[in-house]
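*Asks:* The structure's right below; bear with me while I get my questions together.
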Amino acid sequence: MGRPAPRRMLVAALSIAAALAAPGVAGAQNFAPGADTIGDPYFPTAGNGGYDVAHYDLTLDYSPRRERLEGVAAITATATQDLSRFSLDYSGPKVAGVSVDGAPAAHSHANGKLTVTPPAGIGAGAQFATVVDYAGKVRPTKGRLRAGWFPTRDGAFVAGEPRGAPTWFPCNDHPTDKATFGFHITVPAGRKAIANGVLVSQSRAAGRTTFVWREDDPMAPYLATATNGRFRLSESTVAGLPSYVAVDPREARASRRGLRKLPAILEHFQSLFGEYPFDSTGAIVDHAPFVGYALETQNIPVYDRAPDEVIIAHETAHQWFGDSVSVARWSDIWLNEGFATWAEWNWIERTGGPTTARALRDLLKIRAGDRRFWRPAPGDPGPKHMFDGTVYVRGAMTLEALRQQLGADVFIAILRRWVAEHRYGTATTEDFIALAESESGRELDEFFRVWLFDPAKPKSW
Ligand SMILES: [Zn+2]
């Protein structure tokens, strides 16, 4: 789905090296290593080139007591060039073995990359299956943007944005390479494992329970979850969809009020943004306050504590803005957070609170003299600031200002076209500006320049 242009110069340079280094491979002059990056400006090491993943089948066995994860990741991909070797993003437990199409493959693991050299080159256009076996202690990423597999007392809280997915499975870790997923997760009896999509089965053997989940819609790796622990899991039907609500008993009381609003939130956003893009809905409410955030994991957002209805509205809106339509590069993160925040404001208005217009007016007034409030500009906040308040609040203010400039009907038509035209794909800020201009028939470059890229309050507002 809409992968960025291959880095032809790099690939060409590498292909010469590969031709010299790989004698004995038939047609070796055409086989080259896949690029070890997808070229994202914020995360220059994220993602890989030379192939496109179609499906991940993840078999996971987790022991919370030992914080030990045993995994088998079967990855089906199509080569987009003649491949002599390729890499996967991976920062998880120790790799025990790798095979490609059933044959053992040479591999090395360093600096977050698992490099795989199959016994023979893979021709462009060929589909191939890579199986990676791994086992050991599992940890989230370190540093400012902690993400991935967070061990908890009774299981794990699993949320991958932005670079946490490789802590628990090898993948092509960039939103531009979406794939379908299957999950077989085994946990101690009495615990539950919750992943994306629909629950296919659960079965018990030898004191352990295996949960099988299946996500048939394209999903970016960072939106996958396999959260597990002591949960009450209830299934119901909401807006004609299966709904899975998993609640840690310690958060049951505090989350009841918010969770009751999920059906109304979903129905309201469907009427506003168009058809809900996925096969199920729900929520995972864990007791993991040390994590410090919730994430819009696809279909079923994961909350680190009891959410209120505004946070539920935010994560539910992300199913359209972020999950179905994902960022083509991380610098466009306001397309996720600004939109979900505007949707929060819209839900507050819908339920009798202040209007979105009032929210913008108040912020413009109260924050007029607060220079720090306006920085960094949300359109390109920098990797260290991609989840700063401006990305959310100034992002939402940008949308509300646009709504007031163009009128509510044109604005909603833009949002609906946005989710329809980029469904299950990725898009950029430039794509959004072009769509807003085409739908409104107006020139909006200056509008978006001051709102998204000026590190100061827009002067005429
Ligand atoms: Zn968000």
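The values are calculated or read from the model by the stated rules, or taken from the named source; none is laboratory data. Just so it is clear, the structure is predicted and the values come from calculations on it, not from any experiment. Don't worry about glycine lacking a Cβ; one is built from the backbone with ideal geometry, like all the others, and counts go over all protein chains shown. Protein only, heavy atoms only, side chains kept; ligands, DNA and RNA dropped before computing areas. Shrake-Rupley method; radii C 1.70, N 1.55, O 1.52, S 1.80 Å.
*Asks:* Return the residues of the range 38-61 that are closer than 28 Å to Ser84 by Cα, open to solvent by 20 Å² or more (accessible area, probe 1.4 Å) and assigned to a strand (DSSP E or B); say none if nothing qualifies.
*Replies:* If the condition is that a residue be closer than 28 Å to Ser84 by Cα, open to solvent by 20 Å² or more (accessible area, probe 1.4 Å) and assigned to a strand (DSSP E or B), then Asp52, Ala54, His55, Asp57, Thr59 are the ones that fit.
*Asks:* To continue, here is another question. Can you tell me which residue among Ala283, Ala313, Ala306 is over 21 Å from Leu435 (Cβ atoms) and part of a strand (DSSP E or B)?
*Replies:* Among Ala283, Ala313, Ala306, only Ala283 is over 21 Å from Leu435 (Cβ atoms) and part of a strand (DSSP E or B).
*Asks:* Right, next: Find all pairs meeting these conditions: Cβ atoms under 8 angstrom apart; at least six residues apart or on different chains; first residue within the range 371-388 and on the phi > 0 side of the Ramachandran plot; second residue in a loop (DSSP other than H, G, I, E, B) and open to solvent by less than 40 Å² (accessible area, probe 1.4 Å).
*Replies:* From residues that are on the phi > 0 side of the Ramachandran plot, the pairs are Gly382/Tyr42; Gly382/Pro376.
*Asks:* For Pro381, all conditions in the list (1) in contact with a helix residue (DSSP H, G or I) (Cβ under 8 Å, 6 or more places away or on another chain); (2) in a helix (DSSP H, G or I); (3) within 16 Å of the ligand (Cβ to nearest atom) hold save one; what is the number of the exception?
*Replies:* Result: Pro381 fails condition (2) only.
*Asks:* Asp380 passes all but one of (1) acidic (Asp, Glu); (2) touching a Ser or Thr at 6+ places or on another chain (Cβ under 9 Å); (3) under 28 Å from Phe278 (Cβ atoms); which number fails?
*Replies:* Tallying (1) acidic (Asp, Glu); (2) touching a Ser or Thr at 6+ places or on another chain (Cβ under 9 Å); (3) under 28 Å from Phe278 (Cβ atoms), Asp380 fails exactly one: (3).
*Asks:* Here is a follow-up. Since Thr341 meets every condition but one in (1) more than 16 Å from the ligand (Cβ to nearest atom); (2) closer than 20 Å to Asp454 by Cβ; (3) of a type in the set (Val, Ile, Thr), which condition does it not meet?
*Replies:* The one condition Thr341 does not meet is (1).
*Asks:* For Ala340, state whether it is among the small types (Gly, Ala, Ser) and either over 24 Å from Arg403 (Cα atoms) or surrounded by fewer than 23 Cβ atoms within 10 Å (Cβ to Cβ) (or both).
*Replies:* So Ala340 does not fit the description; no.
*Asks:* Hey, another quick one. Restricting to the range 218-239, give me the number of residues that are open to solvent by 20 Å² or more (accessible area, probe 1.4 Å), over 21 Å from Ala189 (Cα atoms) and either free of Cβ contacts under 8 Å to residues at least 24 places away in the same chain or part of a strand (DSSP E or B) (or both).
*Replies:* 3
*Asks:* Please give the number of the condition Tyr392 fails out of (1) open to solvent by 50 Å² or more (accessible area, probe 1.4 Å); (2) under 20 Å from His318 (Cα atoms); (3) more than 16 Å from the ligand (Cβ to nearest atom); (4) in a helix (DSSP H, G or I).
*Replies:* Only one criterion in (1) open to solvent by 50 Å² or more (accessible area, probe 1.4 Å); (2) under 20 Å from His318 (Cα atoms); (3) more than 16 Å from the ligand (Cβ to nearest atom); (4) in a helix (DSSP H, G or I) is unmet by Tyr392, namely (3).
*Asks:* Would you check if there is a residue in the range 240-247 being at pLDDT below 95 and either within 21 Å of Ala147 (Cα to Cα) or surrounded by fewer than 19 Cβ atoms within 10 Å (Cβ to Cβ) (or both)?
*Replies:* Yes, the range 240-247 contains a residue that is at pLDDT below 95 and either within 21 Å of Ala147 (Cα to Cα) or surrounded by fewer than 19 Cβ atoms within 10 Å (Cβ to Cβ) (or both).
*Asks:* Here's a follow-up. Scan the range 264-297 for residues that are within 14 Å of the ligand (Cβ to nearest atom), open to solvent by less than 20 Å² (accessible area, probe 1.4 Å) and within 16 Å of Val245 (Cβ to Cβ) and jot them down.
*Replies:* Once the filter is applied, which keeps residues that are within 14 Å of the ligand (Cβ to nearest atom), open to solvent by less than 20 Å² (accessible area, probe 1.4 Å) and within 16 Å of Val245 (Cβ to Cβ), the range 264-297 yields Glu296, Thr297.
*Asks:* Restricting the range 264-280 to residues that are aromatic (Phe, Trp, Tyr) and part of a loop (DSSP other than H, G, I, E, B), which is nearest to Trp342 (Cα to Cα)?
*Replies:* Filtering first and then ranking leaves Tyr276.
*Asks:* Being under 20 Å from Pro249 (Cα atoms) and over 17 Å from the mean Cα position of the chain (by Cα) is the requirement here; does Pro301 meet it?
*Replies:* No, not satisfied.
One line per residue, one yes/no per condition, for (1) assigned to a loop (DSSP other than H, G, I, E, B); (2) among the aromatic types (Phe, Trp, Tyr); (3) out of contact with any Leu (no Cβ under 7 Å at 6 or more places or on another chain); (4) farther than 21 Å from Asp304 by Cα:
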position	(1), (2), (3), (4)
Pro162	yes, no, no, no
His174	yes, no, yes, yes
Gln202	no, no, yes, yes
Thr209	no, no, yes, yes
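*Asks:* Same structure again: Please work out if Ser326 is out of contact with any Phe, Trp or Tyr (no Cβ under 8 Å at 6 or more places or on another chain), away from the ligand (no atom under 12 Å from the Cβ), in contact (Cβ under 8 Å) with a residue 24 or more places away in the chain and open to solvent by less than 10 Å² (accessible area, probe 1.4 Å).
*Replies:* Against the criterion (out of contact with any Phe, Trp or Tyr (no Cβ under 8 Å at 6 or more places or on another chain), away from the ligand (no atom under 12 Å from the Cβ), in contact (Cβ under 8 Å) with a residue 24 or more places away in the chain and open to solvent by less than 10 Å² (accessible area, probe 1.4 Å)), Ser326 qualifies.
*Asks:* Here's something else I'd like to know. Within the range 121-136, is there a residue that is more than 20 Å from Ala35 (Cβ to Cβ) and open to solvent by less than 30 Å² (accessible area, probe 1.4 Å)?
*Replies:* So far as the range 121-136 goes, yes, one or more of its residues are more than 20 Å from Ala35 (Cβ to Cβ) and open to solvent by less than 30 Å² (accessible area, probe 1.4 Å).
*Asks:* So, in the range 403-449, of the ones that are open to solvent by less than 30 Å² (accessible area, probe 1.4 Å) and of a type in the set (Val, Ile, Thr), which residue ends up nearest to the chain's Cα centre (by Cα)?
*Replies:* Filtering the range 403-449 for residues that are open to solvent by less than 30 Å² (accessible area, probe 1.4 Å) and of a type in the set (Val, Ile, Thr), the one nearest to the chain's Cα centre (by Cα) comes out as Thr426.
*Asks:* Now for a different question. Taking the condition modelled with pLDDT under 95 and not hydroxyl-bearing (Ser, Thr, Tyr), does Gly123 pass?
*Replies:* Judged against the criteria, Gly123 is not a match.
*Asks:* I would also like to ask the following. Quick check on the range 395-427: of everything there that is among the small types (Gly, Ala, Ser) and more than 16 Å from the ligand (Cβ to nearest atom), which residue is farthest from Ser440 (Cα to Cα)?
*Replies:* Among them, the one singled out is Gly425.
*Asks:* When the residues of the range 181-200 are filtered to those that are in a strand (DSSP E or B) and open to solvent by 40 Å² or more (accessible area, probe 1.4 Å), which remaining residue is farthest from Ala220 (Cα to Cα)? Walk me through it before giving the result.
*Replies:* Step one: filter the range 181-200 for residues in a strand (DSSP E or B), giving 181-188, 192-195, 198-200.
Keeping just the survivors that are open to solvent by 40 Å² or more (accessible area, probe 1.4 Å) gives 184, 192, 200.
Details: His184: 18, Lys192: 23, Val200: 21 Å.
Checked the range 181-200; the qualifying residue farthest from Ala220 (Cα to Cα) is Lys192.
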